[in-house]
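The values are calculated or read from the model by the stated rules, or taken from the named source; none is laboratory data. All values derive from a computational prediction rather than experimental measurement. Here the Cβ positions follow ideal geometry from the backbone for every residue, glycine too, while neighbour counts run over all protein chains shown. Ligands, DNA and RNA are excluded from the accessible area calculation, which covers all protein heavy atoms including side chains. Shrake-Rupley method; radii C 1.70, N 1.55, O 1.52, S 1.80 Å.
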Amino acid sequence: MVLSSAGESRDRRAAVLVVDDDVSIRRMMIAALQRSNDYDFLEAGNGRDAIDLMRREHPNAVVLDLMMPVMSGFDVLQERATDPELRRIPVIVVSANRAPEIATAVDKGICAFLPKPFDINVLNALVRSCLATEIETG
């Protein structure tokens, strides 16, 4: 689902895809990021929808949970690793999972890892940092 923010800009604003199976967490992240940034938002409740949106909408950054139904965040990272277009999109992993598998996520080229529960200010800083990286390399 595409969520557009209020008001339109002459230039295309950065689009951030927020992926989490918990709708309240997705909405909280979007609300926090909207408060201090001028982004457009997309959201997905599972990895399959996330991959579809990444391919169709080409977001500038993705905030991705790892533990989800249908297709996990690990599966998203694995599929992303095989697709040159998707690899260009910076991913911030936000997860309560602190298992050794997190090293696998880092090896898949994520931009950052943020453990849950997280500080909204840190999330904002990571999104800005990853977007700046995307702009430099894009």
Pair list, Cβ < 8 Å and 6+ apart or interchain, from the stretch 71-83 residues that are closer than 8 Å to Gly47 by Cβ to residues that are open to solvent by 30 Å² or more (accessible area, probe 1.4 Å): Met71/Arg48; Gly73/Met67
So Phe74, is it part of a helix (DSSP H, G or I), under 22 Å from Asp22 (Cβ atoms) and modelled with pLDDT under 95: yes
Filter pass, Pro59 being within 18 Å of Ile30 (Cβ to Cβ), out of contact with any helix residue (DSSP H, G or I) (no Cβ under 6 Å at 6 or more places or on another chain), modelled with pLDDT of 90 or more and part of a loop (DSSP other than H, G, I, E, B): yes
Residues of the stretch 77-117 that turn out to be surrounded by fewer than 12 Cβ atoms within 10 Å (Cβ to Cβ) and modelled with pLDDT of 90 or more, as a count: 3
Residue tally, condition part of a helix (DSSP H, G or I), touching a helix residue (DSSP H, G or I) at 6+ places or on another chain (Cβ under 8 Å) and of a type in the set (A, V, I, L, M), over the stretch 43-56: 3
Matching residues, the stretch 30-63, being over 23 Å from Ala125 (Cα atoms), open to solvent by less than 40 Å² (accessible area, probe 1.4 Å) and not small (Gly, Ala, Ser): Asn46, Ile51, Leu53
